[in-house]
Amino acid sequence: MGANFGDYQLGIYMNGAQGVVPELPMGFAATEELAQTVMDPRVLGYVAGGAGNEHTQRANAAAFDRLGIMPRMLVGAAQRDLGIDMFGHRMPSPLFFAPVGVLGAVADDGDLATAASSSELGVPMVASTLASAPLEQVRASAGGTPGFFQLYPPADRELTESLVHRAEAAGYTGIVITLDTWVNGWRPRDLSAAYLPMLSGQCLANYLTDDRFRKLLAEQGSTDPAAVVMLWASLFGNPTMTWEDLAWFRSLTSLPILLKGICSPEDTRRALDGGMDGIYCSNHGGRQANGGIPAIDCLPGVVEAADGAPVLFDSGVRSGVDALRALALGATAVGIGRPYVYGLAVGGQAGVSHVMRSLLAEADLTMAVNGYPDLASLRGALHRL
Ligand SMILES: Cc1cc2nc3c(=O)[nH]c(=O)nc-3n(C[C@H](O)[C@H](O)[C@H](O)COP(=O)(O)O)c2cc1C
Ligand SMILES: O=C(O)C(=O)c1ccccc1
């Protein structure tokens, strides 16, 4: 039987009986509102913003509200099991930390604080390539909790290979390759502030600690911060990659590989036929392309085409109920993005853990109210409103 995530609620009420109310905000809207008052405006714009007029970003979240869960009575759901099996690991919770590349700009040691929360809660983290601490340190901070390394494959094959082998050696459970960020989307908030954190040298620790990157840097003749940024910018985008490159990725590692940014059934099949082990259905939270399709509306087609292979999902999950909706549609695990970033901004590691605990408690209690003892029983529970 899994953890009793709903007990987080009881603890809060018990504290209240002693006159202690929570210091941290409850729910996404309150957390976002507080984050707006404490974050550096440019970093806030970077986290909160998306592509174009942010229609797709809003639609991602709004689409969840068109999905209702049918309550079932007298099921005997006194204990709920929210556990999942993924790549040979039994995880107590179906949530994970989606890869976020500016955690170090949001809080000092933001990547390590998130990894420490992952360790504390047993909730896996997908560690971004764009981190302020090297991937080895992030992995060590996550302790015994399994986690994935998110790879932005650089345009230099040896550097890509080096990053993958470092992730393997550091003990990651799998590699997530992100496919939707070869170019930076059109983001009016960041353009207004002329702000891209990496161009100020932030979040480049994985490059600076890489032998191959340092060799390329030395060959450039300068190692000053501007040269680092120039080299990074010249390598980051890799828009010539095609399906033909999957065989090469496959040859690099025996770890499970998942492709992030897949939204169509056709691409799902191609990925799995190309030797990939799982799919990560996401539209990058509407940050990359406006005028898209809410990611949750793409999920059923991806799940069907995946034919039993693991399907991770993110984009627009704002509550424990949203997570249940994605799980009911067949997601294997559900990624949390902006909500935990705001948690980090308002409360450091404690804020991150509070956000995750709240999401898990809400999911657990909603299953209790609605009579679903485990995630398998949720399949087919949704009604389109
Ligand atoms: C500030 C920020 C930075 C991100 N950086 C990365 C990244 O480095 N790699 C990646 O694959 N996705 C990145 N993402 C996308 C997230 O992994 C995820 O797809 C997205 O946040 C989901 O949307 P939501 O937060 O609105 O739910 C980033 C998202 C945010 C908000
Ligand atoms: O901000 C992002 O979502 C992101 O992943 C990214 C990465 C590199 C350049 C621009 C954006």
| message | What are the pairs with Cβ atoms under 8 angstrom where one residue, in segment 111-136, is open to solvent by 20 Å² or more (accessible area, probe 1.4 Å) and the other, located anywhere, is assigned to a helix (DSSP H, G or I) and among the acidic types (Asp, Glu)? Sequence gap at least six, or different chains. | response | 132/111
| task | Just give me the residues in segment 163-183 being in contact with an Asp or Glu (Cβ under 9 Å, 6 or more places away or on another chain) and part of a strand (DSSP E or B), in sequence order. | result | 174, 175
| note | Counting only residues in segment 43-78 that are over 18 Å from the mean Cα position of the chain (by Cα) and of a type in the set (D, E, K, R), the one nearest to ligand 2 (Cβ to nearest atom) is identified as 54
| message | Name the single residue that is farthest from residue 292 (Cα to Cα) among those in segment 29-43 being touching a residue at least 12 places away in the same chain (Cβ under 8 Å), more than 10 Å from ligand 1 (Cβ to nearest atom) and hydrophobic (A, V, I, L, M, F, W, C). | response | 38
| message | When you check residue 133 against the structure, is it under 28 Å from residue 288 (Cβ atoms), over 15 Å from the mean Cα position of the chain (by Cα) and either among the basic types (Lys, Arg) or in a loop (DSSP other than H, G, I, E, B) (or both), yes or no? | response | yes
| said: Could you tell me how many of the residues in segment 45-77 are out of contact with any Phe, Trp or Tyr (no Cβ under 9 Å at 6 or more places or on another chain) and within 19 Å of residue 101 (Cα to Cα)? | reply: 3
| task | Write out, first by first residue and then by second, each pair whose Cβ atoms fall under 6 Å of each other, whose residues are 6+ apart or on separate chains, and whose first residue, in segment 374-385, is over 15 Å from residue 75 (Cβ atoms) while the second is of a type outside the set (Asp, Glu) and crowded, with 16+ Cβ neighbours inside 10 Å. | result | 382/67; 382/328
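Step by step: first the residues of segment 53-96, then only those that are assigned to a strand (DSSP E or B) and under 27 Å from residue 28 (Cα atoms), then the one that is nearest to ligand 1 (Cβ to nearest atom). Which residue is that? Lay out the reasoning, then the answer.
Kept after step one, since they are assigned to a strand (DSSP E or B), are these residues of segment 53-96: 67-69, 81, 84-86, 89-91, 95-96.
Then drop every residue that is not under 27 Å from residue 28 (Cα atoms), which leaves 67-69, 81, 84, 91, 95-96.
Numbers: 67: 16, 68: 20, 69: 20, 81: 25, 84: 19, 91: 18, 95: 12, 96: 10 Å.
Only one residue fits best here, namely 96.
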| said: Need pairs with beta-carbon distance below 6 Å; first residue within 13 Å of residue 200 (Cα to Cα) and touching a residue at least 12 places away in the same chain (Cβ under 8 Å) and within segment 225-238, second assigned to a helix (DSSP H, G or I) and within 16 Å of ligand 1 (Cβ to nearest atom); sequence gap 6+ or separate chains. | reply: 229/199; 232/207
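The values are calculated or read from the model by the stated rules, or taken from the named source; none is laboratory data. Computed from a predicted structure; not experimentally measured. Don't worry about glycine lacking a Cβ; one is built from the backbone with ideal geometry, like all the others, and counts go over all protein chains shown. These area figures cover heavy atoms from the full protein model, side chains too; ligands, DNA and RNA do not enter into them. Shrake-Rupley method; radii C 1.70, N 1.55, O 1.52, S 1.80 Å.
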